[in-house]
Structures are given as C-alpha cells and as structure tokens.
1. Return the FRET efficiency for the residue pair residue 162, residue 52: r is the Cβ-Cβ distance, R0 is 45 Å, and the value is rounded to the nearest 0.05.
2. Which values, in whole Å and largest first, are the semi-axes of the equivalent ellipsoid of region 109-177 obtained as the square root of 5 times each eigenvalue of the Cα gyration tensor?
3. Restricting things to alpha carbons, find the Rg to Rh ratio for region 1-43 using the Kirkwood radius for Rh.
4. How long are the semi-axes of the equivalent ellipsoid of the chain, taking √(5λ) for every eigenvalue λ of the Cα gyration tensor, in whole Å from largest down?
5. Using Cα pairs under 8 angstrom and six or more residues apart, how large is the relative contact order of the chain, in percent?
6. Ranked by Cβ crowding within 10 angstrom, fewest neighbours first, how are 11, 142 ordered?
7. How high is the relative contact order of region 95-172, in percent, with contacts defined as C-alpha pairs under 8 Å that are six or more residues apart?
8. For the ranges 99-111, 125-137, what's the packing order if you count other beta-carbon atoms within 10 Å of each residue, average per peptide, and put the highest first?
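Coordinate-derived values only; no laboratory data. On a predicted model such as this, the values are computed, not experimentally measured, just so you know. Cβ: placed from backbone, ideal geometry, glycine included. Neighbour counts: every protein chain shown.
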C-alpha cells in the first residue's frame with residue numbers, strides 16, 4: 001500500500017511538472033509567434049489554467065515532503081504524547097477542510113460539465129476540463145492527509161516531520177525560511 005500511495009503522490013508531482021512545462025511551452029509559443037506578428041489564441045487563459053493545475057497537483061507531494069508552510073510554535077514545544085494528540089487533531093481538522101474543498105470543487109466541475117460552461121475568452125474552452133485539476137489535486141492532498149493521520153494514530157512520526165528533520169540534519173534549512 002505504501003508503494004501505491006507514494007506512486008500516487010509522485011504521479012501528482014509529475015502532472016504538476018507537466019503543467020509547468022506546458023506554461024513554458026505556451027509562453028515560448030507566444031514569444032515566437034509575436035516575432036511573426038501573430039498571436040496564440042487563449043494563451044493567457046491556458047497559462048492561468050495550467051498555473052492552477054500546477055498548484056493543485058503538487059499539493060500532496062509537497063505536503064508529504066514537509067515543504068508546505070507549517071507553523072509549529074505550539075506543537076514543537078510539546079512532549080511526544082501531547083504532540084501526537086495535537087498532531088492527530090490538526091490532521092483530522094485538515095482532512096475535514098480538504099475533504100470539503102475536494103467535494104465542492106468536484107461539484108463545481110460537474111456543474112460546469114452539466115451546463116456546458118465555456119471560457120469567455122477568444123477560444124471557448126469547456127471549463128470542466130481545466131476545473132478537473134482542482135478536485136483531483138485536492139483529492140490527492142486529502143489522501144495524503146489521511147495517510148499521515150493513519151501514521152500518527154499508529155504511533156509513528158508523520159512523514160513531513162521526518163522529512164523536515166532529515167533536511168535539518170543535512171544542514172538544509174531552505175524550507176524553514
């Protein structure tokens with residue numbers, strides 16, 4: 001199961017990287033076409049959609065690596081027992097919030113599909129297509145949060161804490177800035 005979940009998070013990170021590369025391609029196409037006095041229709045819209053997709057697809061992998069912003073002013077001062085309890089409560093709360101986000105972004109995507117909503121730009125892109133990245137990415141994050149919650153409830157350190165400790169031991173404090 002661990003291998004499957006890690007593969008799922010890597011898939012999300014890979015999709016984020018592809019979306020980022022897509023932004024690069026759109027921008028380079030704009031530059032090249034501009035030199036020929038041409039324009040790439042809907043380039044701004046496509047770049048914006050890819051930007052949102054990049055952010056959402058990267059959430060789970062970023063969370064698992066301990067690279068999301070985390071404020072530990074209280075939790076870092078607690079002993080192992082109280083820390084585990086608070087960590088579990090915070091992860092349960094996060095699961096509820098991310099589950100809510102996943103549900104409503106999915107409902108919005110399905111509604112866009114149902115009413116055949118299209119972009120108002122120069123190219124009428126069906127909006128359910130770019131909107132699909134939000135519930136997929138949020139769903140991946142929900143799985144990652146539940147994964148960490150199960151880890152904490154089993155009495156183990158969460159992966160994001162281990163990753164942050166490993167970075168600190170290697171002298172890498174870049175994520176802490």
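1. 0.90
2. 40, 18, 5
3. My calculation of the ratio gives 1.34.
4. Semi-axis lengths for the chain are 37, 20, 12 Å.
5. 28
6. Listing 11, 142 from fewest to most nearby Cβ atoms yields 11, 142.
7. 30
8. The packing order, highest mean first, is 125-137, 99-111.
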